[in-house]
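Structure, as structure tokens:
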Amino acid sequence: MEKNFDFERAEREINARWLERETFKANNKSDKAPYTVIMPPPNITARLHIGHAFNATIEDAIIRFKRMQGFEALLLPGADHAAIATEVKVVEELRKQGIEKASLTREQFSVYIETWYQKYLGEICEQFKGLGLSADWSRFSFTMDDNNKAHVRRAFKKLYDEGYIYKGTRMVNWCPVCETALSDAEVEFEEMQRSLYEIKYGDLVVATTRPETMFGDTAVAVNPSDKRYAKLVGSFVEIPLTNKKIPIIADESVDIKFGTGALKITPAHDHNDNAVGIKHNLEAVCVIDQKGKMCGDAPIKYHGMTALEARKVVVADLKAAGLLVSVKPHSSNVGTCYRCHNLVEPQISSQWFMKMKELAQPAIDCLNKGLNLYPKKFEKIYLNWLNNIKDWCISRQLWSGHKIPVFECGECRKRFASEFERPICSCGGKCSQDNDVLDTWFSSALWPFSTLGARGNSDDFKKFYPTQTMATAYEIIFFWVIRMVFSGLYHTEKLPFENVVLHGLVRDSKGRKMSKSLGNGIDPMVIIKEFGADVLRFSLLSGTKLDRDPRYSTEKAILTRNFINKIWNASKFIEAYALGAEISDLKIDFAKLGAADKWILTQLKKVIKDTTARFEKFDIGVACDYLERFFWGDVCDVYLESAKVSADKKQTARILLFVLNNFLRLLHPIMPFATTTLYKEFFDIEDVAFEPFPNAEEIKGNFAKEARLFEGYIALIKYLRDAKKKDNALKTANVFSSDLIDGANIAIIEKLSAVKIELEKIAKPDAVVSEFKILLGVDETKKRAEIAKKIDELKFEIARSEKMLANPAFVSKAPAALIKAEQEKLARNESLLKSLIN
RNA sequence: GCGGGUUUAGCUCAGUUGGGAGAGCAUCUGCCUUACAAGCAGACGGUCAUAGGUUCGAGCCCUAUAGCCCGCACCA
């Protein structure tokens, strides 16, 4: 073996082989039970960031684990066209080149979009491959490929024909910069400091943060029980700076205590006002256009100004006219566009909607009846959203994305949805297609089955659908997870997956989100280049539970690099050891095991059980910690050292190989490259990926007693090491309790503690460790003090045990095993105490 | 306002059905002991946020309070 693990070469060679031989191509004709994980398609707006690497690592670990458990495993990769996000990026990019979107035709713009797709599709695949994913690249899917387009049209048509999709004119969230409607989920609220203006409307004073919208006012509302204004209800006031008269109305939604208690109603530009307007049959007067500029009934002088610009001028004009009563600072949450982060402007607009109430119900009903969320804490969030669901605005006024497949016949004017790209009307007339595109999440919602091809009838669909597990960051539970659930149920009549793993967001070492503006982001590719993919994978997963946001820093990568180095060096030792003992098989003679052997096998059984349990719960981070502690602490620090003085090196060599073999298989889902390299080196099997995951049941025998005895040795070793450190002259320790120690174990204790052990029949001890009385030859005073201390400890312990056992409530209620353990402990301590006092 | 999460060693975090608090890092002290100084060994370090309650027994269960985080709603 080489001096160090050459991760660069291992990754290059192994990856090349995997890709060339399509090692992880899933077989839809296989007899094995399927296990399918469809990867969340990253937006092709940029290169992958550490969050993608985290997500992909979790999924690859899951799918490798399941593959080793004997499933026909499919990890299906893909990418999302991300209509609005990509369009924002491309517009930005074009602007840098001096090209405005408005100067292009839709066709010209599509060319730029297409170029963008091709560039990033390639990059994203390369990055994923660099992570060592055991993905099936032959099934790579892109939301804008022909297959997905066909799925989208067909799904739309079904929903349209069955009345779940309709067109309506109503108030929507409008982004004046992206110039498109947004769904409720796409609005992010930010707390902002604004001003609350109090403005005279005739005899009334209204409070508003948006004075520029007053030209769109069609009423002033007061609370019906507000005595201050009761007699004014029904009368009219003039909108300031104009002579337009609007009525004073009474509406319960007005908060008496807020502002002046009088609320101006602008049905065209505010969600609440819109609702009031509909209730009172008020006209909606538009004064802000789709670019966010003043228009319509606003006085001409303001036309063309943005709303914010107009606000300043309007306020100045009000002040000049003596109509501005006061300006108070006011903080409030305002909606912003989740893509461009500009203020959202509510607008009345004609859009396509999906009727949600009925579709949502099955998604509510299936929770914990087929659908499991990990961790469970997201169940309430999931249900809360579904129970309060509103119709989904699915149309976007963009040029990139799936065009809405609704067509209108030029002859007979019939309007219909079609699953064909260019349908012809039943009357034979030529049709024109709706100009809008779909919300990018419409196609994402179909992802678990659209990726499996052929619109639901392929062999892939039959074999791999429904899928088993979907892992994604919890932040897109509304955008995506819920929509996949109800879409899957509606379109395929099956849940698209059994398990949803909602993992956290990767943060920096201080717990902050990684962001460009903070400059605290870590590029996964930089970590791979410097430390290797195994290091990135392990360090991303380790040290955190599933339901927490993981923290990442280069320090973690360094620690993991050290761990791999440790594994490599221990392997070198084992190789040399086995060679020296002329052993290459794993045929352990279970009839001839020493205490150390039984102990390490017990530890191995435990780590197999614990690791498997964590994998099954998708809690892989904790499994990483178990594996590291087992290998570094148990195997290297203890067993490897004891092996150096083993009395039966052939047997020990077999155990070392056996432990390494199991450990490599346990670790493989997390560190594919190092484990593949070592497994090939030691066991001549090319891909540990297809070896069975270890099973604790296969290690026969119960070694609990000897294992516990060995723990006593370890305690003794620790004590001697400490004693030696305090007194460097210490060379020999006399140990009583000779019936507990045989020659082979003495060698281990001597080797590990660097203290010579003499067995004594009757020791006059000066210290007691575990069950071992020892004589280190310290002076009488110190000896008496130590023993007196130990006697006190034992008396305390005994008193405690006696008290517990004398407690009838404890004896009657505590589990039997616990009582027995307590009794044994008491007996042990009593006998030890007796021997010390005599 | 409603709901959820979280609070354990200086830091990052484990702690599986309640049965004497753990790891790694950091700090300090020894070591090049022939797999590994990217290492080995040892030590130091915790009123498990606070206050009650249930229990024979609480880090774990219940109630309240506080800090931090998140979601939803309101937001004139």
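The values are calculated or read from the model by the stated rules, or taken from the named source; none is laboratory data. All of these numbers come straight from a predicted model, not from anything done at the bench. Methodologically, a virtual Cβ is constructed for each residue, glycine included, from the backbone with ideal geometry; neighbour enumeration extends over all protein chains shown. Note: areas computed on protein heavy atoms with side chains; ligands, DNA, RNA excluded. Shrake-Rupley method; radii C 1.70, N 1.55, O 1.52, S 1.80 Å.
Consider all pairwise Cα distances in segment A:412-458 and report the whole-number % of them above 18 Å. For segment A:412-458, the share of Cα pairs beyond 18 Å comes to 49 percent. Which of the GluC sites (Glu not before Pro) found in segment A:432-509 are in a DSSP loop and have at most 11 neighbouring Cβ atoms, other than their own, within 10 Å? In loop regions of segment A:432-509 (DSSP not H, G, I, E or B), the sparsely surrounded GluC sites (Glu not before Pro) are A:GLU493. Loop-located trypsin sites (Lys or Arg not before Pro) across segment A:230-332 with a Cβ neighbour count of 14 or fewer within 10 Å are A:LYS257, A:LYS291, with loop assigned by DSSP. The HN-Hα couplings worked out from phi for segment A:526-539 by the Karplus form 6.51 cos²θ - 1.76 cosθ + 1.60 (θ = phi - 60°) are 5, 5, 4, 5, 7, 10, x, 5, 4, 5, 4, 4, 5, 6 Hz, whole numbers, x standing for Gly and Pro.
Would you please classify the overall shape of segment A:144-184 from the alpha carbon gyration tensor, given that a ≥ b ≥ c denote the square roots of the eigenvalues, rounded means a/c under 1.5, and beyond that prolate means a/b larger than b/c while oblate covers the rest?
On the way: a/c = 4.15, a/b = 1.45, b/c = 2.87.
Note, shape of segment A:144-184 comes out oblate.
Taking the Cα centre of chain A as origin, sum charge times position over the Cβ atoms of Lys and Arg (+1) and Asp and Glu (-1), and report the length of that vector in debye to the nearest 20.
Details: 121 positive and 113 negative charges, 261 e Å.
For chain A, the charge dipole is close to 1260 debye.
The residues of segment A:132-177 present an accessible area of 36 Å² per residue when probed at 1.4 Å with all protein chains retained. Other residues whose C-beta falls under 10 angstrom from the C-beta of A:PHE693 contribute a net charge of +3, scoring Lys and Arg +1 and Asp and Glu -1. Its Cα centre serving as origin, segment A:294-436 has a Cβ charge dipole (Lys and Arg +1, Asp and Glu -1) of approximately 380 debye.
In this structure, the amide hydrogen of A:SER235, modeled 1.01 Å from its nitrogen in the peptide plane, lies closer than 5 angstrom to those of A:ILE248, counting only residues at least 5 positions away or on a different chain. The simple Förster model, with R0 at 25 Å and r as the Cβ-Cβ distance, assigns A:VAL325 and A:ASN243 a FRET efficiency of 0.80. Cross-linked pairs A:LYS101/A:LYS291; A:LYS751/A:LYS790; A:LYS369/A:LYS494: Cα-Cα separations exceed 19 Å for A:LYS751/A:LYS790.
The residue list A:SER571, A:PRO524, A:LEU505 was ranked by how far each Cα lies along the charge dipole of segment A:481-622 toward its positive end, using unit charges on Cβ atoms, and A:LEU505 comes out on top.
Charges were assigned to the Cβ only: +1 to each Lys and Arg, -1 to each Asp and Glu. The resulting dipole of segment A:1-84 about its Cα centre is roughly 160 debye. Report the paramagnetic label zone for A:LYS430: residues of segment A:92-110 whose backbone N is under 11 Å from a point 7 Å from Cα along the Cα-to-Cβ axis. Correct set: none at all.
A simple rule links phi to the HN-Hα coupling: the Karplus curve 6.51 cos²θ - 1.76 cosθ + 1.60 with θ = phi - 60°, which for segment A:149-164 gives 4, 5, 4, 4, 4, 5, 4, 4, 4, 4, 5, 5, 5, 8, x, 8 Hz, with x for Gly and Pro.
Specify the angular offset, from 0 to 90 degrees and rounded to the nearest 10, of the alpha carbon long axis of helix A:83-96 from the longest principal axis of the alpha carbons in chain A. Taking Cα atoms only, the helix is inclined about 80 degrees. Charge tally around A:VAL535: other residues with Cβ under 10 Å, Lys/Arg +1 each, Asp/Glu -1 each, net +1.
What is the list of residues in segment A:1-28 whose amide nitrogen lies under 19 Å from a point 7 angstrom out from the Cα of A:ASN562, following Cα to Cβ? It comes to A:4-5, nothing else. Label reach from A:LEU367 (point 7 Å along Cα→C-beta): in segment A:165-194, amide nitrogens under 19 Å belong to A:185. Residues whose amide H falls under 5 Å from that of A:PHE142, counting only those 5 or more places apart or on a different chain, are A:ALA79, with hydrogens built in the peptide plane.
Measuring nothing but how far apart in sequence close Cα pairs (under 8 Å, 6+ apart) lie, relative to its length, segment A:1-156 scores a relative contact order of 33 percent. Measuring nothing but protein heavy atoms, the accessible surface of chain A at 1.4 Å probe radius is 52 percent carbon and sulfur.
Per-residue ellipticity at 222 nm, computed for chain A from helices alone with -39500 (n - 2.57) per DSSP H run of at least four residues, works out to -13500 deg cm²/dmol.
Considering only A:ILE774, A:PRO41, A:PRO176, and ranking their Cα positions along the charge dipole of chain A that arises from unit charges at the beta-carbon of Lys, Arg, Asp and Glu, the one farthest toward the positive end is A:ILE774.
For A:ASN520 and A:ASP6, a Förster radius of 35 Å and the Cβ-Cβ distance give a FRET efficiency of 0.65, rounded to the nearest 0.05.
Restricting to lysine pairs 8 or more places apart or on different chains, what number in segment A:392-477 have Cα atoms under 29 Å apart?
The number of close lysine pairs in segment A:392-477 is 4.
Annotation for A:LYS606 and A:LYS414: the two label points, set 7 Å from Cα along the Cα-Cβ direction, are 7.4 nm apart. If the chain linking A:ARG512 and A:ASP779 were pulled fully straight, counting 0.36 nm for each residue of separation and taking away their Cα-Cα distance, it would gain 90.4 nm. Positive-end ranking of A:PHE420, A:GLN351, A:ASN372 along the dipole of segment A:336-434, with charges on Cβ about the Cα centre, is headed by A:ASN372. Assuming R0 = 25 Å, what is the FRET efficiency of A:ASN728 and A:GLU641, from their Cβ-Cβ distance, to the nearest 0.05? My answer for the efficiency is 0.75. The heavy atoms of A:SER553 offer some 20 square angstrom of accessible surface to a 1.4 angstrom probe. Applying 0.36 nm per residue to the separation of A:PHE258 and A:ALA613 and subtracting their alpha-carbon distance, the gain on full extension is 122.3 nm. Pairs over the 20 Å Cα-Cα cut-off, from the set A:LYS3/A:LYS129; A:LYS529/A:LYS572; A:LYS783/A:LYS803; A:LYS725/A:LYS782; A:LYS167/A:LYS355; A:LYS376/A:LYS605: A:LYS3/A:LYS129; A:LYS529/A:LYS572; A:LYS783/A:LYS803; A:LYS376/A:LYS605.
Sites listed here are GluC sites (Glu not before Pro) in segment A:109-186 whose DSSP assignment is loop and whose Cβ has at most 12 other Cβ atoms within 10 Å: A:GLU162. Between the C-alpha center of segment A:369-430 and that of segment A:712-786 there is a gap of 77 Å. Seen against the Cα atoms of chain A and their longest principal axis, helix A:106-130 is set at about 10 degrees. Here the convex hull built on the C-alpha positions of chain A has a volume of 249 cubic angstrom per residue.
Once the Cα atoms are used to define both axes, helix A:743-753 deviates from the longest principal axis of chain A by about 60 degrees. Using C-alpha pairs below 8 Å separated by at least 6 residues, the relative contact order for chain A is 13 percent. Counted residue by residue at 0.36 nm each, then reduced by the alpha carbon distance between them, the extension gain from A:ASN695 to A:LYS29 reaches 237.0 nm. Once backbone amide H atoms are built at 1.01 Å from N, A:THR180 has A:CYS175 as its partners under 5 Å, excluding neighbours fewer than 5 places away on the same chain. The distance separating the Cα centre of segment A:185-259 from that of segment A:1-62 comes to 59 Å. Looking at segment A:1-52, the accessible area is 54 square angstrom per residue; that uses a 1.4 Å probe and ignores ligands, DNA and RNA. Derived scalar couplings between HN and Hα for segment A:767-779 equal 7, 9, 10, 6, 9, 9, 8, 10, 10, 9, x, 7, 5 Hz in order, rounded to whole Hz, by the Karplus curve 6.51 cos²θ - 1.76 cosθ + 1.60 (θ = phi - 60°), x for Gly and Pro.
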